[in-house]
Amino acid sequence: MLEVRNVSAAYGTALVLKNINIRVGSNEIVSLIGANGAGKTTTLRVISGMLKPIGGEVMLEGRNIAGMEPFQIASLGLVHVPEGRGLFPEMTVMENLEMGAYLRKDKDGIRRDLEFVYSLFPVLKEREKQLAGTLSGGEQQMLAIAKGLMGAPKLLLLDEPSLGLSPVMVDRIFDAISQINRERGVPILIAEQNAYMALSASHRAYVIENGSTVMEGIGKELLGNDHVRRAYLGI
Ligand SMILES: Nc1ncnc2c1ncn2[C@@H]1O[C@H](COP(=O)(O)OP(=O)(O)O)[C@@H](O)[C@H]1O
Ligand SMILES: [Mg+2]
């Protein structure tokens, strides 16, 4: 589905990604873990076209999308739920969901996906007419993921879905992520500082340090790796 090969990227003259290599298979949940500032967000921004890489390839279904514009990449079915959630706070829950589907014309599919996101997050249906900016942090994260799903993603990128949420809410969000992957077969790439949750929920994972992917493995196996335990799990 996705293959990132030897990607490098910079902000101005500051080289922040040096050697990023990531693969996401067609039915996988893959996570990218690493410390604050390691380059997780920048990697997702390169994949979705918000930042042009200075080297390397980003292959989406066999086609190099590196250097394409974000709207072109979105139209290929790549949906990026950014850090900070990317909602329209002055619009209602329903309007945000409609915005998520704005590139689509298949009315029946849109209706089916709306039913799915409401079954996944019933609280969003209850709050259909509420302004997004007035939702709790957890509800906003649910809405951000739901809005992403309304775009019928072929590949979903989630940046820090656990950020700022209570442990109970983090569990609920990760349960929903697993359910989306299981029931919809959507491949998902998650950038996440909460290494324990990310590794527990992922099929495979990559560790990113100083702008390079330095380790990869099965999610649950990395939970047992000494370096990962010391550096990212604090045990
Ligand atoms: N817009 C920006 N301009 C300049 N430097 C940036 C910008 N965004 C991020 N950086 C720098 O790039 C590095 C990687 O940041 P980021 O990808 O946000 O890391 P992470 O998501 O892993 O916390 C950091 O050193 C950060 O300070
Ligand atoms: Mg980040």
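Just a few scattered comments:
- A simple charge model with +1 on the Cβ of Lys and Arg, -1 on the Cβ of Asp and Glu and nothing else charged puts the dipole of the stretch 94-161 at about 240 debye relative to its Cα centre.
- When a 1.4 Å probe is rolled over the protein heavy atoms, the share of accessible surface on the chain that falls to carbon and sulfur comes to 51 percent.
- Per-peptide average of other Cβ atoms within 10 Å, ordering 219-231, 181-193, 99-111 highest first: 181-193, 219-231, 99-111
- Extending 7 Å from the Cα toward the beta-carbon at both Met91 and Glu221 defines two label points whose distance is 4.3 nm.
- For a paramagnetic label modelled on Leu233 (point 7 Å from Cα along Cα→Cβ), amide N atoms under 19 Å away belong, within the stretch 32-48, to 32-36.
- Look at the dipole of the stretch 54-140 built from charges on Cβ: of Gly84, Ala66, Ile110, the Cα furthest out on the positive end belongs to Ile110.
- Percent RCO, i.e. relative contact order, over the stretch 55-146, from Cα pairs under 8 Å lying at least 6 residues apart: 34 percent
- The stretch 173-204 and the stretch 1-55: distance between their alpha carbon centers, rounded to Å: 18 Å
- Value at 222 nm in deg cm²/dmol, rounded to 500, when DSSP H runs of n ≥ 4 in the chain each add -39,500 (n - 2.57): -10000 deg cm²/dmol
- Ranked by the mean number of other Cβ atoms within 10 Å of their residues, highest first, the peptides 211-217, 155-161 fall in the order 155-161, 211-217.
- Remark: the chain carries 46 Å² of accessible area per residue (probe radius 1.4 Å; ligands, DNA and RNA excluded).
- Residues Met59, Met50, Met94, sorted by accessible area with the largest first, give Met50, Met94, Met59 [1.4 Å probe; ligands and nucleic acids excluded].
- Kirkwood-based Rg to Rh ratio, the stretch 95-235, C-alpha trace: 1.01
- Rg to Rh quotient for the stretch 2-233, alpha carbon positions, Kirkwood Rh: 0.96
- Size of electric dipole in the chain: Cβ of Lys, Arg +1 and of Asp, Glu -1, about Cα centre, debye, nearest 20: 260 debye
- Positive-end residue of Leu135, Met169, Ala10, charge dipole of the chain with Cβ unit charges: Ala10
- Rounded to 10°, Cα long-axis angle of helix 107-120 versus longest principal axis of the chain: 80 degrees
- Computed over the stretch 2-233, relative contact order equals 29 percent, with contacts defined as Cα pairs under 8 Å that lie 6+ residues apart.
- Rounded to 0.05, the FRET efficiency of the Tyr118 and Asn21 pair, given R0 = 35 Å and the Cβ-Cβ distance, is 0.40.
- Surface/4 of the Cα convex hull for the stretch 173-235, nm²: 4.3 nm²
The values are calculated or read from the model by the stated rules, or taken from the named source; none is laboratory data. Quick caveat, the model's predicted, so the values are computed rather than measured. Because the Cβ atoms are built from the backbone with ideal geometry, glycine has one as well, and the counts that use them run over all protein chains shown. Heavy atoms of the whole protein, side chains included, go into the accessibility calculation; ligands, DNA and RNA do not. Shrake-Rupley method; radii C 1.70, N 1.55, O 1.52, S 1.80 Å.
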